[in-house]
Amino acid sequence: MLRIACSSSWPGLIEACDISMRQVLAAKVQRVQQPGCVSVQSSGKHWPCLLPQHGPGKKHERPIVLAGWQRDIVATHPGDFLRGLFHSDGCRFANRVTVRGKAYVYPRYMFVNESADIMGLCQWGLDLLGIAWRMNRRNSLSVARRDAVVALDRHVGPKS
């Protein structure tokens, strides 16, 4: 069973998840309403073939390495890959800073993940697109330069 829990606040993401499952493998997709979220799920014995990274335990305590064919897909479609990462473990917000008494507000992306492997994959995807990023903590990546935010907007887009 592949089960993806989606916040009820983002019906567009729920729909996109359903459509993606059907396009990739699933003949049937179910939506199970739970408090505050919807689980989009599908049964199939081939899901582990498509997602060999799945396994017992916490993601940050086991290796998360893309198979060769997965790396080829990400290298061809890094924007789609980044959209999934930022929609699941990232955000875009208005950053507010004050420098020498003057207030500035600018858009910024953050991606947070405890898995060093997943963080490395995010960095790789951003590098493939030539998008500047920096680590602001060991588990947190920031995209804040104006041109980098504009470029990432073209690929990630708003949650809907």
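The values are calculated or read from the model by the stated rules, or taken from the named source; none is laboratory data. What you are looking at is a predicted structure, and each value in this text was computed from that prediction instead of being measured. All Cβ positions, even for glycine, are placed from backbone atoms using ideal geometry, and neighbour counts span all protein chains on display. Ligands, DNA and RNA are excluded from the accessible area calculation, which covers all protein heavy atoms including side chains. Shrake-Rupley method; radii C 1.70, N 1.55, O 1.52, S 1.80 Å.
Quick notes
- Where residue 134 falls short, out of the listed (1) modelled with pLDDT of 95 or more; (2) in contact with a helix residue (DSSP H, G or I) (Cβ under 7 Å, 6 or more places away or on another chain); (3) open to solvent by 20 Å² or more (accessible area, probe 1.4 Å): (2)
- Single condition residue 19 does not satisfy, out of (1) under 20 Å from residue 113 (Cβ atoms); (2) within 17 Å of the chain's Cα centre (by Cα); (3) surrounded by fewer than 17 Cβ atoms within 10 Å (Cβ to Cβ); (4) of a type in the set (A, V, I, L, M): (1)
- The criterion of at least 2 residues that are in contact with an Asp or Glu (Cβ under 9 Å, 6 or more places away or on another chain) is met, among strands (runs of 3 or more DSSP E) falling completely within the range 102-160, by 102-112.
- Restricting 52, 11, 78, 48 to residues that are surrounded by 11 or more Cβ atoms within 10 Å (Cβ to Cβ), modelled with pLDDT of 95 or more and not polar (S, T, N, Q) narrows the list to 78.
- Among the residues of the range 100-114, those identified as more than 21 Å from residue 147 (Cα to Cα) and either open to solvent by 70 Å² or more (accessible area, probe 1.4 Å) or at pLDDT below 95 (or both) are 100, 101, 102, 114.
- Checklist (1) more than 20 Å from residue 90 (Cα to Cα); (2) surrounded by fewer than 16 Cβ atoms within 10 Å (Cβ to Cβ); (3) not hydrophobic (A, V, I, L, M, F, W, C) applied to residue 60, failing item: (1)
- Residue match in the range 53-65 (condition: within 24 Å of residue 131 (Cα to Cα) and either within 17 Å of the chain's Cα centre (by Cα) or of a type in the set (A, V, I, L, M) (or both)): yes
- Among the residues of the range 88-114, the ones that are within 18 Å of residue 138 (Cα to Cα), under 13 Å from the mean Cα position of the chain (by Cα) and not aromatic (Phe, Trp, Tyr) come to 6 in all.
- Residue count for the range 22-45 under the criterion of being out of contact with any helix residue (DSSP H, G or I) (no Cβ under 7 Å at 6 or more places or on another chain), under 21 Å from residue 80 (Cβ atoms) and open to solvent by 80 Å² or more (accessible area, probe 1.4 Å): the result is 2.
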